[in-house]
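J.: First the structure, which I've put down as structure tokens, then a few questions once you've had a look.
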């Protein structure tokens, strides 16, 4: 019978980040991650398909938060207002308590091209999913694609800023600021 | 002494696309590409570091076209006007005569996740280079990043449309249309 390990996923994630940071991602095995918190390799693989998954676990929740924000925008919202709603929904997913964890995760990713690729791929899929949801709301295809891509770009830039060493502002504030800048930028045309 | 092969790179590229399309990218070797046009493997490797490079050869010219467009925009141009200038510069790089070749290339890439990743990576690097050039012109960092990302997104969407089977419009027209749509989208806010 499989034993239930309360909080095992979270413990494995924290241990993995610690080991990735000190030894390097490539040099760390799933078994070592599990053993470092007194769990078995089997428990590890009950939660994650491989060590890379430890870093991308929860990505479907991010996508879900985006999509909930799209769906809960008022019926008469413009595409950009829908995207703004999606961004608000997503930022509530990253309270300041998560900043430290997110920074550790990012520094592991920044050191590994294959992980960076995984991240890019994930964001590309996210933009496609958001475009699909906008289109399902009746936004025409081109506007849906542009609005979704813009929304994901705003998120990506604000998120990178949020992770900077000396940054104190919340992700919600940063996202709102980057979106405002995008809107002002595209209005600033002769 | 190395023999000069006039037009070898172009012949190798065309032969490679043909073989990638009929046999599959994975199943085609550099030697086979060279032999199919009566050239040696050595000639192949004088032009390309590997078979993947055949598909991404000329990418630096695309980046260069973007940067030339940034640099030649009038001194008082707004960030979005600079991006519009960059897009005009880039589209002159893809006349309609190139559409068939670009379609063949894209269908090879669409069938191979590693090539798709290379493409994403290339576009991410392109956006970073354009942001750097905008920043060098005095645009502040956030605006430069947003404008560059938006420009590359517009290019990517217009380019995908240009490659569609039944599309007749030029890349220049499509790019201008997608940019207009982006501008109207971000103005459409309550």
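J.: Kindly indicate the residue of the stretch A:178-189 that is at the interface with another protein chain (Cβ under 8 Å from one of its Cβ atoms) and either part of a helix (DSSP H, G or I) or touching a residue at least 24 places away in the same chain (Cβ under 8 Å) (or both) and also farthest from residue A:123 (Cα to Cα) among those meeting that condition. Before the answer, list the steps.
T.: To start, the set of residues in the stretch A:178-189 that are at the interface with another protein chain (Cβ under 8 Å from one of its Cβ atoms) comprises A:178, A:181-183, A:185-189.
Of the ones still in play, those that are also either part of a helix (DSSP H, G or I) or touching a residue at least 24 places away in the same chain (Cβ under 8 Å) (or both) are A:178, A:181-183, A:185-187.
Details: A:178: 17, A:181: 21, A:182: 19, A:183: 21, A:185: 23, A:186: 23, A:187: 26 Å.
The residue in question is A:187.
J.: Answer with yes or no whether residue B:99 is at the interface with chain A (Cβ under 10 Å from one of its Cβ atoms), farther than 26 Å from residue B:73 by Cβ and in contact (Cβ under 8 Å) with a residue 24 or more places away in the chain.
T.: no
J.: Could you check how many residues of the stretch B:141-176 are surrounded by 15 or more Cβ atoms within 10 Å (Cβ to Cβ) and in a helix (DSSP H, G or I)?
T.: 25
J.: Now, a different point. Go over the candidates B:115, B:62, B:67 one by one and state the one that is modelled with pLDDT of 95 or more and either over 24 Å from residue B:178 (Cα atoms) or more than 12 Å from chain A (Cβ to nearest Cβ) (or both).
T.: Step by step, each of B:115, B:62, B:67 is checked, and only B:67 is modelled with pLDDT of 95 or more and either over 24 Å from residue B:178 (Cα atoms) or more than 12 Å from chain A (Cβ to nearest Cβ) (or both).
J.: While we're here: Could you tell me which numbered condition residue B:93 fails, if it satisfies all but one of (1) farther than 21 Å from residue B:56 by Cα; (2) under 12 Å from the mean Cα position of the chain (by Cα)?
T.: Tallying (1) farther than 21 Å from residue B:56 by Cα; (2) under 12 Å from the mean Cα position of the chain (by Cα), residue B:93 fails exactly one: (1).
J.: OK, next. Going residue by residue through the stretch A:121-128, is there one that turns out to be crowded, with 17+ Cβ neighbours inside 10 Å, assigned to a helix (DSSP H, G or I) and more than 10 Å from chain B (Cβ to nearest Cβ)?
T.: Yes - at least one qualifying residue is present in the stretch A:121-128.
J.: Looking at (1) closer than 22 Å to residue A:170 by Cβ; (2) without any contact (Cβ under 8 Å) to a residue 12 or more places away in the chain; (3) more than 16 Å from the chain's Cα centre (by Cα), which is the one condition that is false for residue A:84?
T.: (2)
J.: Oh, and also: Is it the case that the stretch B:29-42 has a residue that's surrounded by fewer than 17 Cβ atoms within 10 Å (Cβ to Cβ), on the phi > 0 side of the Ramachandran plot and out of contact with any helix residue (DSSP H, G or I) (no Cβ under 8 Å at 6 or more places or on another chain)?
T.: For the stretch B:29-42, residues surrounded by fewer than 17 Cβ atoms within 10 Å (Cβ to Cβ), on the phi > 0 side of the Ramachandran plot and out of contact with any helix residue (DSSP H, G or I) (no Cβ under 8 Å at 6 or more places or on another chain): present.
J.: What is the residue count in the stretch B:55-81 for residues that are more than 20 Å from residue B:132 (Cβ to Cβ) and within 13 Å of the chain's Cα centre (by Cα)?
T.: Going through the stretch B:55-81 one residue at a time, the tally reaches 4.
J.: Using the structure shown, decide if residue B:132 is within 23 Å of residue A:180 (Cα to Cα), more than 8 Å from chain A (Cβ to nearest Cβ) and part of a loop (DSSP other than H, G, I, E, B).
T.: no
J.: Further question on the same structure: Given the conditions (1) within 14 Å of another protein chain (Cβ to nearest Cβ); (2) more than 21 Å from residue A:136 (Cβ to Cβ), report the number of the one that residue A:74 does not fulfil.
T.: The single condition residue A:74 does not satisfy is (2).
The values are calculated or read from the model by the stated rules, or taken from the named source; none is laboratory data. Small disclaimer: the values here were computed from a predicted structure and weren't measured. Cβ sites come from the backbone with ideal geometry, for glycine too, and all protein chains shown count toward neighbours.
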